[in-house]
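Below is one structure, written out as structure tokens; the observations come after it.
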Amino acid sequence: MKHTDWYKDAIIYQIYPRSFCDSNNDGMGDIQGIISKIDYLKNLGINCIWLSPIYDSPQEDNGYDISDYYSIYKPFGTMDDLKELINKLHENGIRLIMDLVVNHTSSEHKWFKEALKDPNSKYRNYYYFKKGKGKNYNRPPNNWTGFFGGTTWERVGNSPYYYLHLFAKGQPDLNWENEEVRKEVKNILKFYLDMGVDGFRCDVITLISKKQDFKNRAPTLALCGKDAYVNGPRLHEFLHELYLDVYSNYDCMTVGETVLSTLNEAKELTIPSREELSMVFNFDHTNVDNFFGVKWIERKFNLKRFKKVFSKWQNGMYEVNGWNSLFIENHDQRRSPGRFNTSLDNEYKDISSKMLASTYFLMQGTPFIYQGQELGMTNGDFKTIDDFKDVETHNIDKMRKEIPILRPILNKSLFRESRDNARTPFQWDDSEFAGFSTITPWIQVNKNKKEINAKKELQDENSLLCYYQKLIKLRKEYKIIKTGKYNDLLPNSKYIFAYNRKENNKELVVISNFSKKNIKCKLLSKYKEYKLLLSNYADNDNTILKPYETRILYREG
Ligand code: ISL
């Protein structure tokens, strides 16, 4: 089988299955629900789906804690449902990539249960068990702290041993040093590729190799020990091994979730000749509005910084023939309306969301749309901590209560940054449960379902949804969006994000006003002869950009 780069033409839609569509009315989305919405997805124009985890799981972290890689979480359906989904998607020209969560399993996985039951079992070495410190071993093996706050070690009963978990307690880290673990992973990959799956989004893939000293690290504000567990010494070797033994035999793609990776590290992961990953998700742009990459510590958005990040990644990847992923939302991020300087005011909400959409969507790379982003879905209306379901949110809330010095910061950011903001039910229509289900869903529906829903937006050619359809069409029609060189036209402007994509005698230009003001823009006269492909306003002035105005211009010859 020839390994091609079809992913460069992919427009990927992320589905968070719990919250997309509930076909059997148990309050939770499922695979048959997705099947029932294939026409909607086809009509939107996307040609690939990334499905967040659907495997069997106790759901401590909504499926990112897998207890059996070879079966489906019952409320989501069965293996036959998955096969039906793959076939029906393929019949409609839509590919499917699955979430691959192999940095850790669930503590309910049979490997982990065996490891706990019998310290001499071979499964003990599938994970990291280390002795604690102190006379009674009552201190963890080291001072590392994890992604959901607090120590990365959980003691096994009263034994001297602790196990490593970089995420929740119920997510023990796998020991990739053990060749048998890598064999298990390859078998999982082959199982799904043989079933017809087209690739994988590789969860926290940069964490799979750990420095083996397991020593204390200098204390830090968050993620103490990250130099030992992010981009570890054998990361590239492990990924190349998966490529050689599995990926290279299939026409599949991989996108690595590379938390905390720099551009140079990302290049090493994606340069095609290195045969590791097709592309990665970097988070530099979503970190523009926080300090130290810690989302709880808010920083005022700054357009110049935002543009700099894109220039860096666009040009950096272009130079080495690498490839970017493009996204503004996912299931871990708060919703984009009101973020990145866009507006939540009725008057400008859709206009500014269209502006943000044009800006990120036409860069070089594979664009991703997170479910509901195309509607302009907003953060949830959570009132009390009990409204939240997310394990991270509750862990951080605990820290807020226990550590007084963190309280003022977390009081401000906990509700705003909770991952549940992106996980509320998809708003299909304005009915009581937004057409997602006929009974109370697992997490509350947003009140604004009356104003923001798919049914309404499909009937309005000026809706955000229809705007996304148009952007997708443009990507399919203009090859320059795939191949043209990126150039920031106004790096010093505080309000305007303007860039072009150039190739031979062709040029595509995107000009976006990231402010609520009318802005005089000299560039407009320079491009006045260009063809206007799309804008979020019906009339466009020759010298002024209206509030949040965006224009997509093109010239050939
Ligand atoms: O969501 C985050 C912080 O609020 C991120 O740091 C996130 O934990 C990180 O990007 C890793 O995310 C992935 O792995 C986690 C899972 O909870 C996330 O949903 C997943 O996207 C553990 O599997």
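With a/c under 1.5 counting as rounded, go ahead and sort region 326-366 into rounded, prolate or oblate using the C-alpha gyration tensor (a ≥ b ≥ c being the square roots of the eigenvalues; past the cut-off, prolate if a/b is larger than b/c, else oblate). Mind dumping the intermediate values first?
Numbers: a/c = 3.16, a/b = 1.39, b/c = 2.27.
Here region 326-366 falls in the oblate category.
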- State log₁₀ I(q)/I(0) for region 31-181 at q = 0.14, 0.17, 0.19 Å⁻¹ as given by the Debye formula over alpha-carbon point scatterers of equal weight, solvent excluded. -0.75, -0.94, -1.08
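Beyond 22 Å between alpha-carbons counts as too far, so tell me which of LYS133/LYS401; LYS354/LYS546; LYS354/LYS389; LYS42/LYS389; LYS307/LYS482 fall in that bin.
Values: LYS133/LYS401 27 Å; LYS354/LYS546 13 Å; LYS354/LYS389 30 Å; LYS42/LYS389 31 Å; LYS307/LYS482 19 Å.
As for pairs spanning more than 22 Å Cα to Cα, those are LYS133/LYS401; LYS354/LYS389; LYS42/LYS389.
Shape verdict for region 448-499, please, from the Cα gyration tensor: rounded (a/c under 1.5), prolate (a/b greater than b/c) or oblate. Don't skip to the end; give the middle numbers.
Details: a/c = 4.50, a/b = 1.64, b/c = 2.74.
The shape class here is oblate.
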- Considering the options ILE519, TYR499, MET399, tell which one lies farthest towards the positive end of the dipole of region 398-557, charges being +1 on Lys and Arg and -1 on Asp and Glu at the Cβ, about the Cα centre. MET399
- Message: Explain nothing, just compute: Karplus ³J(HN,Hα) = 6.51 cos²θ - 1.76 cosθ + 1.60, θ = phi - 60°, for every residue of region 87-93 in order, whole Hz, x for Gly and Pro.
- Response: 4, 5, 5, 4, 4, 9, x
- Note on the structure: What the 10 Å binned alpha carbon P(r) of region 306-402 shows, as percent of pairs per bin from 0, is 13, 36, 28, 19, 4
- Relative to the Cα centre, what is the charge dipole magnitude of the chain, using +1 at the beta carbon of each Lys and Arg, -1 at the beta carbon of each Asp and Glu, and rounding to the nearest 20 debye? 2240
- Item | For THR342, distant residues with modelled amide H under 5 Å away | none
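Label region 80-138 by shape, choosing from rounded, prolate and oblate, from the square roots a ≥ b ≥ c of the eigenvalues of the Cα gyration tensor; if a/c is under 1.5 it is rounded, and otherwise prolate applies when a/b is larger than b/c, oblate when it is not.
It comes out prolate by the Cα gyration axes.
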- Item | Only Lys, Arg (+1) and Asp, Glu (-1) charged, at Cβ; region 439-513 dipole about Cα centre in debye | 200
- In terms of modelled amide H atoms, which long-range or inter-chain residues lie less than 5 Å from the amide H of LEU96? ILE49, ASP198
- Task: Have a look at the chain and give its Rg and Dmax from the Cα atoms, expressed in angstrom.
- Result: 23.5, 78
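Just so you know, all these numbers are worked out from the coordinates, no wet-lab data involved. All figures in this text were calculated on a predicted structure; none of them were measured in a lab. Heads up, the Cβs are rebuilt from the backbone with ideal geometry, glycines too, and the neighbour counts pull from every protein chain shown.
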